[in-house]
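Below: the structure, in structure tokens.
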Amino acid sequence: MTPVEALERIAELLLRGREPVYRVQAFRRAAREISRMPEPELRRLADAGRLTDIPGVGDKTAAVIAEALAGETPRYLQKLLEHVPTPGTDAGEALRAQLKGDLHCHSDWSDGGDTIRDMAIKARDLGHEYFALTDHSPRLTVANGLSVERLREQLDVVAGLNEELAPFRILTGVEVDILEDGALDHSEEMLARVDVVVASVHSKLRMEADAMTRRMVAAVANPHADVLGHCTGRLLTGRGRPKSQFDEDVVLAACREIDTALEVNCRPERLDPPRQMLRKAAEQGVKVAIDTDAHATDQLDWQPYGTDRAAESGITPEGVVNAWSTDDLLEWCASHPRP
């Protein structure tokens with residue numbers, strides 16, 4: 001295990017264990033810094049006891065680097081492997097085996113950490129038939145959201161990669177911000193051109209319940225929306241963030257009637273929606289998409305965090321849109337307006 005691999009593995013386990021975000025970021029920052037250094041230089045600093053001279057490397061990360069350079073499994077990593085729970089119930093694994101893709105993923109074109117090609121290859125290596133590239137829409141400037149021009153350019157890049165990686169398929173897409181009035185943050189042209197649209201609330205999450213309900217229903221009813229992303233907006237790590245207030249029954253009824261999928265977001269700091277809402281979705285026959293919301297290749301294997309919860313809540317493969325074949329999924333996405 002290289003020092004970079006050890007640091008990234010620790011960051012992943014900290015995130016899974018719902019540790020504070022700043023701690024996760026510290027190990028990722030150290031991994032990023034040393035990945036730019038030649039190994040002989042890294043070893044020279046380690047031998048001199050000067051690893052903390054590297055920007056972003058502190059005492060804990062320096063110890064991990066030194067132990068990995070010595071060919072050892074870092075003690076901090078060993079401790080985490082012993083205590084951090086991993087997902088994978090029998091029912092969840094059975095559901096995971098039915099999934100054929102992932103409908104919510106990001107690349108370094110917006111706020112992801114890896115290239116489109118690297119994300120696609122990792123998804124393919126996990127056994128997927130497809131994954132949807134859903135970088136952010138323009139309004140989310142903090143996440144380097146894609147303008148119309150940049151999204152057009154990305155579609156050309158994806159077309160070239162699909163020729164190279166066939167039969168694996170990168171589905172074009174966008175995670176589009178739901179504006180305060182329920183409109184979607186992209187042009188009609190681009191929403192119509194992409195394969196998959198994930199609609200998510202990223203702002204004004206503390207909006208009054210009635211207004212938030214209307215906002216979400218309007219987005220669900222938009223003929224371009226395929227998936228309602230991380231619907232409650234809750235965060236479980238760090239200082240956390242409570243879920244948004246809205247009428248769950250009304251939103252689920254809209255998803256069922258319009259046939260828009262509810263996302264089961266697998267990110268360990270989100271695990272959204274809560275089990276209570278997932279059980280309601282299963283009881284009411286609402287379709288779901290079990291998505292990683294991955295921002296890096298090592299996050300594409302997070303689906304068990306969603307499949308465990310989905311299976312526990314009574315969701316079956318028939319109601320999971322990304323358990324369908326590529327053709328069936330695309331036919332469903334294109335069937336707007338849905339009955």
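The values are calculated or read from the model by the stated rules, or taken from the named source; none is laboratory data. Model, not experiment: these values are computed from the prediction. Quick reminder, even Gly has a Cβ in these numbers, built from the backbone with ideal geometry, and neighbours come from all protein chains shown. Keep in mind that these areas ignore ligands, DNA and RNA; they rest on the heavy atoms of the full protein, side chains included. Shrake-Rupley method; radii C 1.70, N 1.55, O 1.52, S 1.80 Å.
Give the residue list of trypsin sites (Lys or Arg not before Pro) in the stretch 1-50 that are DSSP loop and have at most 10 other beta-carbon atoms within 10 angstrom. Before the final figure, lay out the partial values.
On the way: sites: Arg9, Arg16, Arg18, Arg23, Arg28, Arg29, Arg32, Arg36, Arg43, Arg44, Arg50; in loops: Arg18, Arg36, Arg50.
The qualifying sites are Arg36.
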Helix-derived mean residue ellipticity, 222 nm - over the chain, DSSP H n ≥ 4, -39500 (n - 2.57), to 500: -14000 deg cm²/dmol
Summed residue charge, Cβ within 11 Å of Thr2's Cβ, Lys/Arg positive, Asp/Glu negative: -2
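Within the chain, what percent of beta bridges assigned by DSSP are antiparallel, to the nearest 5? Each step should come with its number before you reach the end.
Numbers: 3 of 26 bridges.
The antiparallel proportion sits near 10 percent.
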For the stretch 100-197, the fraction of alpha-carbon pairs in successive 10 Å shells from zero, as %: 17, 52, 26, 5, 0
Cα Rg, Dmax, the stretch 158-277, angstrom units: 15.4, 48
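Tally Lys and Arg at +1 and Asp and Glu at -1 over the other residues with C-beta under 10 Å from the C-beta of Thr326: what net charge comes out? Numbers along the way, then the final one.
Numbers: positive: Lys100, Arg169; negative: Glu129, Asp195, Asp327, Asp328, Glu331.
Every neighbour counted, the sum reads -3.
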Cβ-derived FRET efficiency at R0 25 Å, Glu149 paired with Ala334, nearest 0.05: 0.55
Portion, in percent, of the accessible area of the chain that falls on carbon or sulfur, probe 1.4 Å: 49 percent
Whole-number D in µm²/s for the chain (Stokes-Einstein; Kirkwood sum over Cα pairs; 37 °C, 0.692 mPa s): 158 µm²/s
Principal-axis tilt of helix 21-35 within the chain, Cα atoms, nearest 10 degrees: 60 degrees
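Express the relative contact order of the stretch 1-101 as a whole percentage, based on alpha carbon pairs under 8 Å and six or more residues apart in sequence. If you can, show how the numbers build up before the last one.
Details: 93 pairs, mean separation 35.0, N = 101.
About 35 percent, as a whole number.
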The stretch 193-339 - Debye-derived log10 I(q)/I(0), Cα point model, q = 0.11 Å⁻¹: -0.38
Cα gyration tensor category, rounded, prolate or oblate, for the stretch 1-124 with a/c compared to 1.5: prolate
GNM result for the chain, Cα springs below 10 Å: residue of Ile54, Ile315, Ile116 fluctuating most strongly: Ile54
Under 27 Å from Lys280, Cα to Cα: lysines that are on another chain or at least 8 residues apart: Lys100, Lys204, Lys243
Accessible area (Å², per residue) of the chain, counting only protein heavy atoms and a probe of 1.4 Å: 43 Å²
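On a full-extension model of 0.36 nm per residue, what is the gain between Gln276 and Arg206, subtracting their alpha-carbon distance, rounded to one decimal in nm? Before the final figure, lay out each step's value.
Details: separation 70, 0.36 × 70 = 25.20 nm, distance 2.02 nm.
Contour length minus the Cα-Cα distance gives 23.2 nm.
The stretch 199-265: Rg/Rh from Cα coordinates, Kirkwood Rh?
Details: Rg = 11.6 Å, Rh = 12.1 Å.
Rounded to two decimals, Rg over Rh is 0.96.
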For the stretch 23-67, fraction of C-alpha pairs farther apart than 12 Å, in %: 55 percent
Peptide ranges 66-74, 251-259 listed from the most packed, as the mean C-beta count within 10 angstrom indicates: 251-259, 66-74
